[in-house]
Structure formats: C-alpha cells, structure tokens
Amino acid sequence: MAKEYKPIPKRLDGKNKLVGLTAQIEADLKAYCKEKGIESENECIRQAIIKFIDSDYDDNTLKLTGLKDIREQLSQLRDMNSVLFNYLNLMHINLLAYLPEIADELKKAAYTSSSARHEKFFNGFRERLKGDPPMFEKLLHTYVSNG
C-alpha cells in the first residue's frame with residue numbers, strides 16, 4: 001500500500017500578495033536563500049518582514065521604556081513621601097495644639113517617661129514587623145534582584 005501524501009501546512013496562510021520582481025532581484029533573492037540555507041523565497045521574505053518590524057524595538061527602545069517605568073515609580077514614591085510628610089506635620093501640629101506645655105519642674109520626669117514609652121512602643125513595632133514575613137520576603141527579593 002502506497003503512503004498517503006499529506007501536504008505540509010503552510011506558515012503563511014493569509015492572502016497571496018503579488019509583488020513583481022526584476023530579474024536581478026530574483027537572482028539576488030535565490031542566491032541569498034541558498035547562501036543562508038533558507039528553503040524558500042517565501043520564507044526569506046517572511047523573515048525579512050519580521051526583521052523589519054522588529055527593528056523598531058531595539059535595545060534603546062527597551063531601555064527607554066524601562067526608564068519611563070522607573071520615572072513613574074519615582075514619581076509615585078515622591079507623592080507617597082509628600083502625603084506621609086503632610087500627615088506627620090498635621091499630626092505634630094495637632095499634638096501641639098491639644099497638649100499644653102508642662103511646668104519646668106516636670107519636664108525631666110516627663111522626658112524620662114516618654115523615652116521609656118517610646119522604647120516600649122518601638123520594640124513592639126519591631127516585633128510586629130518580624131511577624132510580617134511577606135514584607136521581608138518582598139524586601140529581600142527586591143534587594144537580591146536589584147543588587
């Protein structure tokens with residue numbers, strides 16, 4: 001029983017485009033295909049079109065896109081810092097407005113007490129950060145990736 005012939009599916013399954021070639025262009029195309037080991041003129045033209053289209057996206061274009069992304073991220077960070085600063089400034093003004101100044105003889109004791117409370121608060125804050133592994137994993141990933 002003879003083998004059944006199955007045509008190889010075409011990579012170019014779109015509409016046929018007719019382009020007139022001069023004898024010189026056709027000879028150059030055949031020579032180029034033979035030299036580069038390209039099996040058909042259609043494949044050569046397909047590769048040329050892809051190379052032409054992809055040439056718009058060279059390394060400089062990709063670098064420019066990366067720089068634009070970094071610029072946007074820096075702008076967002078600047079905005080976040082501005083919001084944080086405004087919040088802290090307003091909170092400080094609020095504290096000064098609602099807490100009256102204390103007498104001089106109480107200032108040393110108040111400072112000692114506030115230092116102890118601050119230390120206790122900060123230790124609690126550090127413990128809370130230790131309990132947030134995803135944040136540390138993200139920071140470590142960012143450090144390792146960018147380092």
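Data for the structure
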read-out: Residue that is in the same structural domain as Cys33 (by TED's automatic domain parsing) and acidic (Asp, Glu), where the choices are Glu137, Glu119, Glu43, Glu127; value: Glu43
read-out: Ser40 vs. criteria surrounded by 10 or more Cβ atoms within 10 Å (Cβ to Cβ), at pLDDT below 90 and under 30 Å from Leu18 (Cα atoms); value: yes
read-out: Top-ranked residue in region 79-108 [being among the charged types (D, E, K, R) and surrounded by 10 or more Cβ atoms within 10 Å (Cβ to Cβ); ranked as modelled with the lowest pLDDT]; value: Asp79
read-out: Hey, Leu62 aliphatic (A, V, I, L, M) and at pLDDT 75 or above or not; value: no
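The values are calculated or read from the model by the stated rules, or taken from the named source; none is laboratory data. Quick caveat, the model's predicted, so the values are computed rather than measured. Neighbour counts run over all protein chains shown; Cβ positions are idealised from the backbone, glycine included.
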